[in-house]
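Data block below; observations after.
Read-outs throughout are calculated quantities, based only on the coordinates presented, and are distinct from any laboratory measurement. Computed from a predicted structure; not experimentally measured. So basically every Cβ, Gly included, is an ideal-geometry build from the backbone, and we count neighbours across all protein chains shown.
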Amino acid sequence: MIRADGISVLAGRKRLLDNVDARIEPGRIVALIGPNGAGKSTLISALSGERRPDDGHVMLDGVPMASWPAPALARRRAVLLQSTSLDFAFTVEEVVELGRLPFAGTARQVGDEQAVAAACRLAGVDTFRTRSYQTLSGGEKQRVQFARALAQLGHRDGAGGEAHYLLLDEPTSALDLRHQRSVLDAARALADRGVGVLAALHDLNLAAAYADDAILLNGGRVVASGPADDVMTRELIGACFEVPVEIVIRENGARAILT
């Protein structure tokens with residue numbers, strides 16, 4: 001489990017996060033939701049170990065995140081940021097292969113080729129693996145970066161009894177409807193195989209459709225957390241986003257959030 005207890009992150013005198021608790025459990029998808037500026041990206045950076053909180057603690061399987069050597073941490077969790085700049089003329093396949101760098105010189109390096117191929121298929125980028133990354137559309141680049149994160153997790157999720165984690169910061173922001181679903185279908189498949197997934201999502205209906213749990217942030221504080229149906233209520237969503245909200249149940253039993 002990745003666990004944050006009472007973490008705060010400061011930027012000057014401003015609190016980007018204020019006494020936040022959060023959990024990412026193996027085998028579950030957590031939707032991280034909230035309005036712009038709520039602190040979602042900051043929380044992801046803290047939970048991933050990219051940023052050390054000013055107060056509180058972040059633990060990975062009971063060990064302080066700051067105590068993990070960078071290569072070992074990279075072999076346990078992968079992160080997809082909102083945007084990733086790349087100035088080199090790499091092919092799509094070469095970008096995806098970057099996800100395997102943490103395994104260089106380890107026994108798992110022998111699985112690099114299989115992991116890259118599986119990641120490209122799962123992310124739907126295998127048909128343009130030889131293209132230059134710089135020639136791609138924004139949505140295609142986002143899918144390639146998703147494939148890079150999948151390759152970092154590897155094709156043997158849970159090998160050796162270790163839990164693995166995937167942290168996604170707005171993974172569907174540049175994608176069309178079909179590819180939004182395909183990315184989250186892939187995340188769901190990984191969770192079903194024991195990977196813990198955290199995804200910051202602006203589309204509340206996608207969050208409701210895929211998440212087991214949810215964290216609702218506003219102003220750097222947790223408004224609510226727990227099972228997604230308990231967090232994503234008309235009252236909580238409406239108050240947090242300051243818009244009228246209606247929740248309806250479709251014929252298939254799925255919840256639809258209308259604003």
* Asked: Can you list the trypsin sites (Lys or Arg not before Pro) in segment 72-155 that are in a DSSP coil and have 15 or fewer other beta carbons within 10 angstrom?
  -> Arg131
* Asked: Just from its helices, what would the mean residue ellipticity at 222 nm be for the chain, if runs of 4 or more DSSP H residues each count -39500 (n - 2.57) and the sum is divided by every residue, rounded to the nearest 500 deg cm²/dmol?
  -> -9000 deg cm²/dmol
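Give the relative contact order (percent, whole number) for the chain; include only Cα pairs under 8 Å separated by 6+ residues.
Numbers: 515 pairs, mean separation 68.7, N = 259.
The value is 27 percent.
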* Structure fact -> With Ala228 itself left out, Lys, Arg at +1 and Asp, Glu at -1 over residues whose Cβ is under 12 Å from its Cβ give -2
* Positive dipole terminus of the chain, leading residue within Ile247, Val95, Ala31 (C-beta point charges) -> Val95
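Taking the mean number of other Cβ atoms within 10 Å as a proxy for protection, how do you rank 194-207, 168-181 from highest to lowest?
Values: 194-207: 21.8, 168-181: 17.7.
The peptides rank, most packed first, as 194-207, 168-181.
Under 12 Å from the Cβ of Thr259, count the other residues' Cβ atoms, weight Lys and Arg +1, Asp and Glu -1, and hand me the total.
Values: positive: Arg234; negative: Asp203, Glu242, Glu246.
Residues close to Thr259 contribute a combined charge of -2.
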* Using Cα pairs closer than 8 Å and at least 6 residues apart in sequence, work out the relative contact order for segment 77-131, in percent. => 44
* Beta bridges by DSSP in segment 2-258, antiparallel share as percent, to the nearest 5 -> 60
* Asked: Roughly how tilted is helix 177-192, in degrees to the nearest 10 and between 0 and 90, from the longest Cα axis of the chain?
  -> 80
* Structure fact -> The rounded separation in angstrom of the Cα centers of segment 92-119 and segment 3-26 is 32
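Could you tell me the relative contact order of segment 110-259? Use alpha-carbon pairs under 8 Å, at least six residues apart, and round to a whole percent. Working shown, then result.
On the way: 174 pairs, mean separation 23.3, N = 150.
Reported relative contact order: 16 percent.
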